[in-house]
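Presented below is the structure to which this report refers.
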Amino acid sequence: MTTELWQVTTTDGLVLDGLWQEAASSRAAVLLLHGTGSNFYMSAVGNALAPFLLEHGFAILRLNTRGHDLVSTQGGRRRGAAYEIVDECRLDVWSWCERAATQIPRIFLVGHSLGAVKAVYSQVHAPHPVVQGVVAISPPRLSHSWFWEHSAEFRQTYREAQERVSQGRGQELMEVTFPLAFLTTATGYLEKYGPEERYHLLKLLPGLKHPTLVILGSKEMETNLAFQGLDQAIASAHPGAVVEVLPGADHVYSGFRRELGQRILTWLKAREAEIARI
């Protein structure tokens, strides 16, 4: 078993950290992308999946994107989830794919929450040739029109962010509670949830050419507007995607992480079998 701390430098000069684990029998690698404000060593879902998939023959790379932690600094600049521009995840994922491909040139991306959106977004806008498939675990619907229609809280928060930007306070942090509780700059909030809908999963999926598995928890679909009706909406937007709902599971799959891992493993094994037949 090989276990190594890795660093990559993105094309725009950002240094990112990750943890690589590989068994002698590993034939393919899984790159795990964390969610909002998390990192490669604190993701509850990633930390549960890593040993399970490693045990079943996959090399694992737990990686940081530039949105790791709530706030971080590098090169004198504030970064982290509160300051990130999601579009830049393309640079992060590309660099990690380049590094992992030096060890195993067959890679699957597995992302949770915003990490799932990043996995999809990166392969739509900057697909890497070694990526063989994408697993999106609980990707939220980042849709301005959907939130605007269904949430007065979103409308109020969005208008507050607009006002701050108009006052020249776009880089100040604001505490928001929709669609989740976190800190963000007003500029970042408008960029992520604006009417352009750059990160709207239902608009991204038709452009994704890779085999795709989307997994959702039934509990999060009942309680969170970002996930309501998302299974059927995805099936309509991208008929080629496999969509599975885990009954009783919340957003972090409390009590269901083993079953989550098993579903992902089954799908990965099926993709490996298809690749072997080519």
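The values are calculated or read from the model by the stated rules, or taken from the named source; none is laboratory data. These figures come from a predicted structure and were not determined experimentally. For neighbour counting, all protein chains shown are included, and Cβ atoms are generated from backbone atoms with ideal geometry for every residue, glycine included.
List of remarks:
- Top-ranked residue in the range 217-239 [being assigned to a loop (DSSP other than H, G, I, E, B) and out of contact with any helix residue (DSSP H, G or I) (no Cβ under 9 Å at 6 or more places or on another chain); ranked as surrounded by the fewest Cβ atoms within 10 Å (Cβ to Cβ)]: Pro239
- Arg258 meets the conditions (1) touching a residue at least 60 places away in the same chain (Cβ under 8 Å); (2) surrounded by 14 or more Cβ atoms within 10 Å (Cβ to Cβ); (3) in a helix (DSSP H, G or I) in every case but one. The failed one is (2).
- Selection from the range 52-89 of residues that are closer than 25 Å to Ile104 by Cβ and of a type in the set (Lys, Arg): Arg62, Arg66
- Restricting attention to the range 17-32, the residues that are out of contact with any helix residue (DSSP H, G or I) (no Cβ under 6 Å at 6 or more places or on another chain) and either free of Cβ contacts under 8 Å to residues at least 60 places away in the same chain or in a loop (DSSP other than H, G, I, E, B) (or both) add up to 7.
Yes/no matrix, rows are residues, columns are (1) crowded, with 22+ Cβ neighbours inside 10 Å; (2) in a loop (DSSP other than H, G, I, E, B); (3) of a type outside the set (A, V, I, L, M, F, W, C):
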| site | (1), (2), (3) |
| --- | --- |
| Gln103 | no, yes, yes |
| Leu142 | yes, yes, no |
| Gln156 | no, no, yes |
| Gly168 | no, yes, yes |
| Met174 | no, no, no |
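- Every condition in (1) touching a residue at least 40 places away in the same chain (Cβ under 8 Å); (2) in the same structural domain as His238 (by TED's automatic domain parsing) holds for Lys203 except the one numbered (1).
- Given (1) crowded, with 17+ Cβ neighbours inside 10 Å; (2) part of a helix (DSSP H, G or I); (3) β-branched (Val, Ile, Thr), number of the condition Ile275 does not satisfy: (1)
- Among the residues of the range 133-174, the one identified as basic (Lys, Arg) and under 24 Å from the mean Cα position of the chain (by Cα) is Arg141.
- For the range 184-209, filtered to residues that are among the hydrophobic types (A, V, I, L, M, F, W, C) and within 15 Å of the chain's Cα centre (by Cα), the residue that is surrounded by the most Cβ atoms within 10 Å (Cβ to Cβ) is Leu201.
- Of the criteria (1) in a loop (DSSP other than H, G, I, E, B); (2) under 20 Å from Leu32 (Cβ atoms); (3) among the basic types (Lys, Arg), which one Lys209 fails: (2)
- Which listed residue, of Arg90, Arg79, is over 21 Å from Ala270 (Cβ atoms), in contact with a Ser or Thr (Cβ under 7 Å, 6 or more places away or on another chain) and modelled with pLDDT under 95: Arg79
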